[in-house]
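The values are calculated or read from the model by the stated rules, or taken from the named source; none is laboratory data. Remember, it's a predicted structure, so these values are computed and weren't measured experimentally. Heads up, the Cβs are rebuilt from the backbone with ideal geometry, glycines too, and the neighbour counts pull from every protein chain shown. What goes into the accessible areas is simple: the full protein's heavy atoms, side chains included, and nothing from ligands, DNA or RNA. Shrake-Rupley method; radii C 1.70, N 1.55, O 1.52, S 1.80 Å.
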Amino acid sequence: MTATATSNAAGSAAWADTLLLSFAQAGYVHAEPAILQPAEPFLDLSGEDIRKSLYLTTDATGEELCLRPDLTIPVARDYLASGRAGEPAGFSYLGPVFRYRSGRPSEFLQAGIESFGRQDRAAADAEMLALALQATAAFGVRDVEIRTGDVALFNAVIDALDLFPVWRRRLIKDFNRKISLEQDLERLSIATATARNEYEGVLAALAGSDRKAALALVTDLMSIAGTTNVGGRTTAEIADRFLEQSTLKSGALPREALTVLKRFLSIAGNPDQAVAELRALAADTRLDISAAIDLFENRVGFMAARGIDVKETRFSTSFGRGLDYYTGFEFEVHHRGNGVEPLVAGGRYDGLMTQLGSQMPIPAVGFSVWVDALAKIGRKELKS
């Protein structure tokens, strides 16, 4: 290691110690999950960016393992395995994570907080953002930009529009994975061609089916064919694709729904402005999304109570973080003018615990800190 690298590492460690102390003082217990983790949760539940960057291996029993690419899922798994699952509990962490990142080190430090079991969701969300800002301040970085969104609002609009389940899944998947939602909305609004395709019989059999029935049919067909995947796609992915094609053959996404979604996705500004525009949208369209708006507005109130300058916070209904398990509030803290890469990022993921095996839903929210990036900017600001 060069002298500069050694100095940088020591600087990062000093700031990181200060950060962990601040987390401990806020009541978050230090967690140290294993570096080697089962790969399945990351393959099933993480976003595409993480899935394609995993370092995978297999143990003697054939189980697929990976070096942890982040710490949210490992901390959640340890919490569920403890005797406190379901009870309010908060954890902090600091340790290496491993992802392939072209041209950048694949091993890097990550710190963060995970909060489980709190029913006061709006207050917990605001606390996470306040602690995230505290994290940047611990590194001497104060000139930051806050970007926020709320996938629960998008889900509420989709539910209120009463779309086919396959359309709902596809649009939410697009939103979570940062795929061009506008482009997909246009595609869904155009009736599919009437040309016959080679799976016409399967599509006809699936007409009007739900996902469970579609999966059962495709599983049977693939069992008869003696295969479990085609072209790298799993049975579930093939079933989803067939169900989507079957639905699209019955008609296009209604133009009225497209108009509502486009108006919704255009809402951006500070949170107070967004609340007003969302209430106007609900009134004009008679969509029942008031519960999601109320939670959003309550969160904004708790943010202000925490000393966060709401008018300097950017909110967009189209903001998403690219992770499949987020269910509500999402945020990123950027160094002003830094562009794409966040310094701190997180959000609410209430559905993750049941996906990891919990028998009951458990509220969860947290954030991750990119220690090296923060330390680098902190050093620059000290010199300026």
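At a probe radius of 1.4 angstrom, the accessible area of the stretch 260-384 per residue rounds to 44 square angstrom. The packing ranking, built from the mean of other Cβ atoms within 10 Å per residue, places the peptides 15-26, 86-97 in the order 86-97, 15-26, highest first.
Our note on the geometry: Cα centres of the stretch 79-123 and the stretch 339-360, 9 Å apart.
Quick one: dipole size for the stretch 8-114, taken about the Cα centre, charges +1 on Lys/Arg Cβ and -1 on Asp/Glu Cβ, in debye to the nearest 20.
Details: 8 positive and 14 negative charges, 64 e Å.
Charge dipole, the stretch 8-114, about its Cα centre: 300 debye, nearest 20.
Separation of the alpha carbons by more than 32 angstrom is noted, of 173/311; 173/380; 52/311; 262/380, for 173/380; 52/311; 262/380. Here the 3J(HN,Hα) profile of the stretch 102-117, calculated from phi with Karplus coefficients 6.51, -1.76 and 1.60 at θ = phi - 60°, is 3, x, 10, x, 7, 10, 8, 7, 9, 10, x, 9, 10, 10, 10, x Hz, Gly and Pro shown as x. For residue 253, the residues 5 or more places off, or on other chains, whose built amide H falls under 5 Å of its own are 189, 190.
Each residue of the stretch 296-309 is assigned a 3J(HN,Hα), and the resulting list reads 4, 5, 4, 4, 4, x, 5, 4, 4, 5, 7, x, 7, 6 Hz, derived from the Karplus form 6.51 cos²θ - 1.76 cosθ + 1.60 (θ = phi - 60°), x at Gly and Pro.
Relative protection proxy for 273-282, 365-374, from highest mean packing down: 365-374, 273-282 (other beta-carbon atoms within 10 angstrom).
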